[in-house]
1. List the relative contact order of the stretch 29-88 as a percent without decimals, with contacts defined as Cα pairs under 8 Å and 6+ residues apart.
2. Once the chain is represented by equal point scatterers at the alpha-carbon sites, with solvent omitted, what log10 I(q)/I(0) does the Debye formula produce at q = 0.12, 0.23 Å⁻¹?
3. So between E80 and V60, what do we pick up on full extension, going 0.36 nm a residue minus the alpha carbon distance?
4. What is the stretch 40-91 by shape, rounded, prolate or oblate, if you read a ≥ b ≥ c off the alpha carbon gyration tensor as root eigenvalues and call it rounded for a/c under 1.5, prolate for a/b larger than b/c, and oblate otherwise?
5. Hey, what number do you get for the chain at 222 nm if only DSSP H runs of n ≥ 4 count, each worth -39500 (n - 2.57), divided across all residues, to the nearest 500?
6. What's the longest piece of the chain with no exposed trypsin sites (Lys or Arg not before Pro), counting a site as exposed if DSSP puts it in a loop and it has at most 15 other beta carbons within 10 Å?
Amino acid sequence: MPTYVSPIDDRTREPLPAAPRLASLDGQRLGLLDIAKPRSREFLDRVEAVITARHDVEVVRLRKPTPSRPAPPDVLSEAERCGAVLVALAD
């Protein structure tokens, strides 16, 4: 008889506090993380254009190789060097 495994994680966890908000994006290093979904790059291109027009910010483009897996260590390492990271989902 086959064994069925539920994809639902029933473990309970303590909620994590939200990261503190930046006072401003000006002077920050902002990561834009493309999670490799269709049209994510085009969406982030527009987001970058809007943000850089309004703020003095260094933009770093990050990309996961596939949307179905966690970001690899090199992407996470680069993200840690940013003052903030924006994750974009687009289909």
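1. Relative contact order here is 56 percent.
2. Results for the chain at q = 0.12, 0.23 Å⁻¹ read -0.50, -1.19.
3. The E80-V60 span can extend by a further 6.1 nm.
4. Here the stretch 40-91 falls in the oblate category.
5. -8000 deg cm²/dmol
6. 40-80
Every number in this text was worked out from the coordinates using simple rules, so none of it is lab data. Remember, predicted model here, so these are calculated numbers, not experimental data. Neighbour counts run over all protein chains shown; Cβ positions are idealised from the backbone, glycine included.
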